Each structure stands twice: as structure tokens, then as C-alpha cells.
Amino acid sequence: MWTKRSKTKDDDLRQYDRGMLRSHFASLFWAVISDRRRLHKFKLQNLADRLGIGKSQVSKWFSNAAPNWRTDTIADLAWALNLEFRVQAIDRETGAVYIASGRVTTQVVSTDSLPTSVSEVSAPPLPESMPRPKGLPNKTEVRLEAA
Amino acid sequence: MRRAGLIRRDPLRPLPEQVRELWVTPEIANLLDGKVTTFSSCEGDLVVGRFLSGQLVQVSRLAKDRKRRQAKLIDVEELEGCGNVWVLCIRVPKPGWRLVGRLIQQGVFIALLAFDKHEEMKKHKDVATMCRVRSAEVIAIWNSFFGPQPAHSAADLEGFLGGVCRDVDEAI
């Protein structure tokens with residue numbers, strides 16, 4: 001990615017944020033592709049076929065670690081890989097979290113209402129077709145202790 | 001590593017999770033801070049930020065048959081046959097700067113030497129000679145800092161660098 005020499009610290013941050021966001025998308029999709037290649041012998045050709053384009057085009061998308069993709073390209077890749085895309089933004093000053101439907105509110109729970117004993121919550125099982133990674137417990141334990 | 005006088009580089013913005021680490025000499029820290037005029041600190045920050053965050057890095061581990069088109073886009077190179085010496089490439093403005101060093105553990109890169117590739121190419125007859133000379137220099141500095149401790153070795157690319165990597169030499 002070509003970046004012009006910045007004039008101020010603010011310009012530097014702007015260029016940095018641009019590059020990091022571009023890289024974020026390419027990296028995320030490549031992480032999925034790498035995983036599927038390892039687990040299911042997935043190939044870029046499969047992705048190209050699903051999108052109805054040539055493999056060289058898909059390869060080109062990933063030949064740069066920080067490509068400036070259009071939103072449609074991101075949506076197409078998510079569709080072709082059957083990924084649900086979740087986007088959130090965090091206000092750097094206040095820490096407030098935003099999603100497309102507005103600000104995410106957090107519920108404050110009084111510690112008096114929490115159980116004093118250990119409680120356990122089971123995680124949903126993985127699909128049969130998906131191999132269980134080594135070391136992953138069969139259920140996730142959440143321990144709550146009252147103050 | 002701090003006792004050896006090395007400085008840990010932080011990304012321009014804090015990361016929720018830092019997957020890789022970069023340690024540099026004080027001279028390289030000055031370079032990354034923009035105290036050398038031919039170096040684009042803005043581009044350097046971006047390459048370092050992407051590396052530290054564990055995001056996708058394009059990697060080449062083969063010296064031979066490295067396609068010209070791919071060479072322009074490689075972020076990290078292993079100097080093949082030079083004793084686990086790796087290069088972090090900052091390619092803008094062309095031909096850019098190279099940070100040469102070794103990995104002390106998975107995803108922890110110790111940059112011990114930096115050079116402007118344009119200037120460096122004037123000193124050597126070809127790239128292979130440049131790589132040989134510079135990697136020998138890096139190994140000597142490594143030995144002076146870490147003594148007999150060997151550089152990190154792994155079976156695959158992820159084992160070396162952690163995070164998300166793409167081996168550009170591999171056909172997909």
C-alpha cells in the first residue's frame with residue numbers, strides 16, 4: 001500500500017488506521033481460508049468457483065497483506081465462505097461499544113443476586129463434521145462467586 | 001532482552017491482543033521513530049503494527065525462484081540456508097529498508113541490523129552476497145547478546161511466526 005509521507009502526528013494515525021483496517025479484513029479471511037485448507041483441503045479454486053470468477057482474481061486479492069477492498073468484495077467473500085459478519089466499533093475515549101443498531105448497553109447486576117456456589121454453563125456442541133481442537137474442554141465452566 | 005539493551009516496540013495504537021513481539025537495538029528504534037530521513041516511519045509503523053497484531057504477513061522462505069511480482073509484496077523473508085535469519089521488509093518508499101534478525105521464540109523477532117536496500121545494493125555484487133554477508137553479521141551480534149542460545153526453530157511457518165501467515169512460495 002502506498003502511503004504518502006505524513007505531515008503531522010494526526011496524519012500518521014490516519015494512515016496507520018487505514019492500513020490496519022485494510023489488513024484486518026485480508027487477515028481475517030485468510031485465517032478462515034487457512035483453517036479450511038488444513039481441515040478440509042479447501043482450495044482457492046473452490047472459492048473462485050463459488051464466486052464465479054477466475055482463481056487468479058482471488059489470488060490477487062490476497063497477494064497484498066493490506067488491500068483496499070470495496071465493501072462488496074468483503075460481502076462477497078463472507079457470502080462465499082458462509083461467514084456471518086459482525087461489525088462493532090469502540091469509542092477510544094469512553095469505551096462505549098456501538099453496533100449498527102446503536103450503542104450496546106451493559107446490564108449492571110447486583111452481586112447480592114449472584115449465587116454463592118459454583119455454577120456451570122455448557123457451551124453448545126461443535127458440529128459433527130468439525131474436528132475438535134486438541135485441549136478444548138467438553139464444556140465451558142463459568143464460576144460466579146458472590147462478594 | 002532488556003539487559004542486552006534491546007527495546008520492545010509497541011504498536012502506534014494499543015492492541016486488544018498482541019500476538020507477536022518485536023525487539024530492536026537502540027539504533028533501529030531511532031530509525032523506526034523517524035530519526036533517519038530516508039525512512040518512512042509511517043510505513044514502518046504500519047508494518048510493525050500488522051506484525052505485532054498477528055495479522056496476515058506474506059512470507060517467503062525460498063531464495064530461488066522468488067517471482068518478481070511476489071517479491072514486491074513479501075513482508076517477511078527467511079534468508080534460506082543462512083542459519084535461521086529472517087528479514088522484516090519495509091518496502092515503501094522503494095526499495096525500502098530491511099530489518100534483519102532472528103526469532104528467539106515463536107513470533108518474537110529480534111531485529112539486530114537495519115539497512116537501506118538501495119544503499120546496500122551498491123556495496124555488494126548481488127543479492128545473494130548481500131544476504132550472506134548480512135546474515136553472518138547478524139549471527140555474530142546474536143552470539144554477543146545471547147551466547148550459545150540457538151535461534152528459534154519450528155516445523156512450519158506458523159510455528160515460526162504465529163498469527164496469520166501466507167507462504168507465497170506455496171501453490172494453493
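The values are calculated or read from the model by the stated rules, or taken from the named source; none is laboratory data. None of the values given here were measured: they were computed from a predicted structure. In this analysis, Cβ positions are derived from the backbone assuming ideal geometry, glycine residues included, and neighbour counts consider all displayed protein chains.
Structure above, values below:
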{"quantity": "Number of positions in segment B:24-33 that are surrounded by 16 or more Cβ atoms within 10 Å (Cβ to Cβ) and within 14 Å of chain A (Cβ to nearest Cβ)", "calculated": "1"}
{"quantity": "Any hit, segment A:21-28, residues being in a helix (DSSP H, G or I), over 16 Å from the mean Cα position of the chain (by Cα) and within 11 Å of chain B (Cβ to nearest Cβ)", "calculated": "no"}
{"quantity": "Conditions (1) under 30 Å from residue A:36 (Cβ atoms); (2) surrounded by 16 or more Cβ atoms within 10 Å (Cβ to Cβ); number of the one not met by residue B:142", "calculated": "(1)"}
{"quantity": "Residue in segment B:43-50 that is within 16 Å of the chain's Cα centre (by Cα), crowded, with 20+ Cβ neighbours inside 10 Å, without any contact (Cβ under 8 Å) to a residue 40 or more places away in the chain and more than 30 Å from residue A:90 (Cα to Cα) present", "calculated": "no"}
{"quantity": "Test: residue B:160 is of a type in the set (Phe, Trp, Tyr) and at pLDDT 95 or above", "calculated": "yes"}
{"quantity": "Residues located in segment B:52-62, provided they are in contact (Cβ under 8 Å) with a residue 60 or more places away in the chain and either among the small types (Gly, Ala, Ser) or in a helix (DSSP H, G or I) (or both)", "calculated": "B:53, B:54, B:60"}
{"quantity": "Qualifying residue in segment B:134-149 (condition: over 16 Å from the mean Cα position of the chain (by Cα), part of a helix (DSSP H, G or I), away from chain A (no Cβ under 14 Å) and closer than 18 Å to residue B:81 by Cβ)", "calculated": "yes"}
{"quantity": "Candidate set: segment B:102-111, residues that are without any contact (Cβ under 8 Å) to a residue 60 or more places away in the chain and either in contact with a Phe, Trp or Tyr (Cβ under 6 Å, 6 or more places away or on another chain) or part of a strand (DSSP E or B) (or both); chosen: the one surrounded by the fewest Cβ atoms within 10 Å (Cβ to Cβ)", "calculated": "B:105"}
{"quantity": "Which listed residue, of B:168, B:164, is in contact with a helix residue (DSSP H, G or I) (Cβ under 8 Å, 6 or more places away or on another chain), more than 19 Å from residue B:22 (Cβ to Cβ) and surrounded by 19 or more Cβ atoms within 10 Å (Cβ to Cβ)", "calculated": "B:168"}
{"quantity": "Test: residue B:114 is assigned to a loop (DSSP other than H, G, I, E, B) and within 22 Å of residue B:141 (Cβ to Cβ)", "calculated": "no"}
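Matching residues to (1) out of contact with any strand residue (DSSP E or B) (no Cβ under 6 Å at 6 or more places or on another chain); (2) surrounded by 15 or more Cβ atoms within 10 Å (Cβ to Cβ); (3) basic (Lys, Arg); (4) on the phi > 0 side of the Ramachandran plot:
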| site | (1), (2), (3), (4) |
| --- | --- |
| A:14 | yes, no, yes, no |
| A:25 | yes, yes, no, no |
| A:28 | yes, yes, no, no |
| A:34 | yes, yes, no, no |
| A:39 | yes, no, no, no |
| A:44 | yes, yes, no, no |
| A:53 | yes, no, no, no |
| A:56 | yes, no, no, no |
